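Values in this text are rule-based calculations from the coordinates and carry no lab data. Here the structure is a predicted model, which is why all the values come from computation and not from measurement. Don't worry about glycine lacking a Cβ; one is built from the backbone with ideal geometry, like all the others, and counts go over all protein chains shown.
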């Protein structure tokens, strides 16, 4: 399944320089289009004036904490909820108002929702039979799909005779066998243990390449979203905070919320001191890409990912500090460094055994490449 | 405690003992005695003696075949009617009852606060020839001027349906209430309309309740005599009426006992065939 990752990288070349806009107009054919969609439950606004286009054949993730509106958005696309305002299109067809059974969309539910009274074969055949596919065709298509998800030979079993991972595969096969326009996945891996989850992430990605159907995947797990999705919409309070490729979101988050939700980041408060310069509060002046500043002035926050910081003064942006804590975590050593601008986290790759400083109170100079810096508005709060 | 610790294996049997003892004394022994009686001959005046009188069974079947047939016909009708009434009722309470569910369930059980016999007597009064229901039906012409409700099979079947309805409704409610609503959503996601989702998912998953409910209704209804006694006439008499009168009025114990065994055997056979047809899996869920 590893090759699918390579394929995705080839298919979706990622720009080296940080793009100015994180939502480029790359959308070719929109398979799913949401226009100004709002969903209110009584007084609670679950989804707030959301517009979104999802490209045909892409693996799209809605990422956010619980209560951010990602599941409600998915349920509206699936037809389980109707939007209070706005329109939903599948291809060119407006589907808002249509019930789920009239939409060319299938769902892999978080709980799997397999029919306990039916065999694996009949579970997978359910949608085909409702659409009037007959006898031999049903058998062939079900068996083909069970082979794709690696469940051949289990046709006669009941769901309760299967392991969690196998049930997950049945749920996937049951949805995919209908060859829907769009497949919705609602936290499909949440119930699996870590090892199986990692394996299924890669398998799902591979299956998506094999079938070429648009996948919309809802998750709160940033790593899962980044592993699988071509594009991710980070949601917060019913709105899309930022939309882009995993690389864009990670390298150039537009808000502190996104920076904090995807991975670890160091955010240092500062004041804009020039078209490419920011004076850090309590520390030195550093250079940032002009594009990252994007015309901001006054108070901002400068962000640097922990792995972009070196424990040597080789790069242009420098700050002195003192190691407070170090933890060896295999691929990297994690340092907490006390600096005039506050505590910074640094990941240093363990390319040579025992290369980094291990002693506490070790004085050091941290440095990083200006190109690895991003800037967000200072007033924004980090999640959690 | 020391004893139990040394003989752990005995614990299940000790836990079972009170129940088994009760069952033995109050069920197995009387049943054995009834079997013994059913093979006696003689009469009330000279007394009964055990003679392996298998003829009692032959006589029970030959002499009262119409009452046997009527028992199963009425019980079957009442079971089907109770199912037709209870299913929508239980469905509505389970899925639309909301926070009032328990109150609605209480309404179903409420008649049990009054004795079975009293309730049936009340129906006898309500359906009486001079009663308001008959008068109204005569007025609007559904019943002729001499038409009655009492002493008809309609009244007996209606009484049976009414009296055993809770035994149908409650197991149905339990099995419907357990159905995960996400399965219905999944069915609709897989192109099943609401009606199709009901037929393909809700109905099969509620079958354990249907099976339990039909058995709990049919078995006691087939042996019932109160409804036929109070709401019917001799033309509506079921086998329960015959057994009751043989036991208590004619004091013909061998005949009554042999009929009881024929009834029991027939019901057991019927239940076995039914369980086989729907699959025993449905009984246990």
Review point. For the protein assembly as shown, what does the equivalent ellipsoid look like in terms of its semi-axes, each the square root of 5 times an eigenvalue of the Cα gyration tensor, given largest first in whole Å?
Key: 75, 30, 24
Point to revise | D_trans [Stokes-Einstein, Kirkwood Rh over alpha-carbon pairs] for segment B:179-285, 20 °C, 1.002 mPa s, µm² s⁻¹ | key: 127 µm²/s
Study note, to complete from the structure: Placing one equal point scatterer on each C-alpha of chain A and summing with Debye, one gets log10 I(q)/I(0) at q = 0.08, 0.11 Å⁻¹ equal to -0.50, -0.86
Revision key, fill the gap. Computed over segment A:139-291, the distribution of all Cα-Cα distances in 10 Å bins, rounded to whole %, is 9, 30, 27, 15, 11, 6, 2, 0
Practice item. Jot down the per residue volume, in cubic angstrom and as a whole number, of the convex hull over the alpha-carbon atoms of segment A:187-258. Key: 100 Å³
Review point. What would the Debye formula give as log10 I(q)/I(0) at q = 0.19, 0.21 Å⁻¹ for the alpha-carbon point model of segment A:88-183, no solvent?
Key: -0.87, -1.02
Practice item. Would you compute, for the Cα atoms of segment B:132-193, the largest minus smallest coordinate along each principal axis and list the three values in descending order, in whole Å? Key: 58, 26, 18
Practice item. Find, to one decimal place in angstroms, the Kirkwood hydrodynamic radius of segment A:244-317, where the mean of 1/r is taken over every pair of different Cα atoms and then inverted. Key: 13.0 Å
Review point. Where both residues lie in segment A:30-248, what percent of DSSP beta bridges are antiparallel, nearest 5?
Key: 55 percent
**Study point:** Viscosity 0.692 mPa s, 37 °C: Kirkwood-radius Stokes-Einstein D of segment A:254-384 over Cα pairs, µm²/s
**Key:** 219 µm²/s
Exercise for review: Just the number, please: Stokes-Einstein D of segment A:30-248 in µm²/s, Kirkwood Rh from C-alpha pairs, 10 °C, 1.306 mPa s.
Suggested key: 90 µm²/s
Check your understanding: Under a GNM of chain B (C-alpha, springs under 10 Å), which listed residue has the highest mean-square fluctuation: B:109, B:262, B:29?
Key -> B:29
Review point. Segment B:142-175 to segment A:109-146: how many Å between their Cα centroids?
Key: 43 Å
Review point. Can you give the mean number of other chain Cβ atoms that lie within 10 Å of the Cβ atoms in peptide A:78-89?
Key: 1
Check your understanding: Quick one: if you stick a label point 7 Å off each Cα along the C-beta vector at residue A:322 and residue B:113, how many nm between them?
Key -> 7.9 nm
Review point. Any idea what the relative contact order of segment B:65-284 is, in percent, if you count C-alpha pairs under 8 Å spaced at least 6 apart?
Key: 29 percent
Point to revise | Calculated SAXS-style log₁₀ I(q)/I(0) at q = 0.12, 0.15 Å⁻¹ - segment B:65-284, Debye, Cα scatterers | key: -0.77, -1.06
**Study point:** Most fluctuating residue given options B:97, B:223, B:19, as computed from a GNM of chain B linking Cα atoms under 10 Å
**Key:** B:19
Review point. What do you get for Rg/Rh of segment B:118-245 when both radii come from the Cα atoms and Rh is the Kirkwood radius?
Key: 1.17
Point to revise | Semi-axes of the equivalent ellipsoid for segment B:12-115, Cα gyration tensor, largest first, Å | key: 42, 25, 12
Practice item. Mind pulling up the Rg/Rh value for segment B:227-266? Radius of gyration and Kirkwood radius, both on Cα. Key: 1.00
Practice item. Could you give me the radius of gyration and the Dmax of segment B:121-164, taking only the C-alpha atoms into account and expressing both in angstrom? Key: 10.4, 32
